[in-house]
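The values are calculated or read from the model by the stated rules, or taken from the named source; none is laboratory data. Quick caveat, the model's predicted, so the values are computed rather than measured. Note: ideal-geometry Cβ built from the backbone for every residue, glycine included; neighbour counts use all protein chains shown. Please note that ligands, DNA and RNA were not included when accessible areas were found on the heavy atoms of the full protein model with its side chains. Shrake-Rupley method; radii C 1.70, N 1.55, O 1.52, S 1.80 Å.
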Amino acid sequence: MPSTSKIAFVTIGQTPRIDVVPEMMAEIGIGLPEGRVGFREFGVLDGMGPAELDAMRAVDGEHSFATRLKSGEEIVTSKARTEEKLNVLLKTIDAQGFDLVVLLCTGTTIDPLENTLVVEAQRIVDSTVEALAASSRKLGVILPLERQVKDFADRHVFSGEPKFVAASPYAGDDIGERAKTLEGCDLIVMHCMGYSAGMLDEVRRAVDAPVLLSRRVVAGVVRQMI
């Protein structure tokens, strides 16, 4: 990597992701000199008006994502329409000379880029979960939406039956209270980049088990790459 690394943070929502990027940059920058890492944010929903946002919303029964608007409001978008626009955005970013693209979402499917290395939160978190779950007697998974439980189960095959709970990081859900239903699990995964260090603390207070925070896993990988 060059003396100053340039990162493109890409969200399926709107920027700036003040709820994610500052915390990740603090993790990434541990032990690095000031100015070693520069970044820019890009959002799939950036610049969209109300009608365009409505067209992105998921309908009942459709595979979906939960993400955040610039206002802080939650929006649940169509997985298919979001990924279509995400891939167009990534091709544009690929021509801008960044060293890394970091996707601030889990669950997306993207096309390969020609010029830029992509850090896919989806693959990193899922691979970590599968590796750790191999020795877990009871895995607990926290997801933003109930409808995402089936999507998760379709992507993974575990020896046991994971226990799921839905708690949105954007809608004011009491994550600590909901996490109490995971008591008895010996590993818990907060499977969304929107979950923060503060939310992690809530879950740890609620359940006596190791808890994996997606954004910290991804930030650790990025830190080693720069």
Where the second residue is open to solvent by 50 Å² or more (accessible area, probe 1.4 Å) and assigned to a helix (DSSP H, G or I) and the first is within 18 Å of Met193 (Cβ to Cβ) and of a type in the set (A, V, I, L, M) and lies in the range 16-44, which pairs have Cβ atoms under 8 Å and are six or more apart or on separate chains? Ile28/Arg223; Val44/Lys85
Where in the range 1-110 are there helices (runs of 4 or more DSSP H), lying wholly inside it, with at least 1 residues that are within 21 Å of Arg123 (Cβ to Cβ) and either touching a helix residue (DSSP H, G or I) at 6+ places or on another chain (Cβ under 8 Å) or at pLDDT 95 or above (or both)? 21-28, 79-94
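Does Glu114 satisfy the condition of being assigned to a helix (DSSP H, G or I) and farther than 22 Å from Glu23 by Cβ?
Spelling it out, it is not the case that Glu114 is assigned to a helix (DSSP H, G or I) and farther than 22 Å from Glu23 by Cβ.
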Does the range 184-192 contain at least one residue that is open to solvent by less than 70 Å² (accessible area, probe 1.4 Å), closer than 22 Å to Val20 by Cβ and of a type in the set (D, E, K, R)? no
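With the condition kept exactly as written, say whether any residue in the range 22-41 is in contact with an Asp or Glu (Cβ under 8 Å, 6 or more places away or on another chain) and crowded, with 19+ Cβ neighbours inside 10 Å. Working first, answer last.
Start the filter on the range 22-41 by keeping residues that are in contact with an Asp or Glu (Cβ under 8 Å, 6 or more places away or on another chain), which leaves none.
No: zero hits.
A quick yes/no check of all residues on (1) among the hydroxyl-bearing types (Ser, Thr, Tyr); (2) assigned to a helix (DSSP H, G or I); (3) over 14 Å from the mean Cα position of the chain (by Cα); (4) over 26 Å from Ala26 (Cα atoms):
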{"residue": "Ile124", "(1), (2), (3), (4)": "no, yes, no, no"}
{"residue": "Thr128", "(1), (2), (3), (4)": "yes, yes, no, no"}
{"residue": "Lys150", "(1), (2), (3), (4)": "no, yes, yes, yes"}
{"residue": "Glu161", "(1), (2), (3), (4)": "no, no, yes, yes"}
{"residue": "Val165", "(1), (2), (3), (4)": "no, no, yes, yes"}
{"residue": "Tyr170", "(1), (2), (3), (4)": "yes, no, no, no"}
{"residue": "Gly184", "(1), (2), (3), (4)": "no, no, yes, yes"}
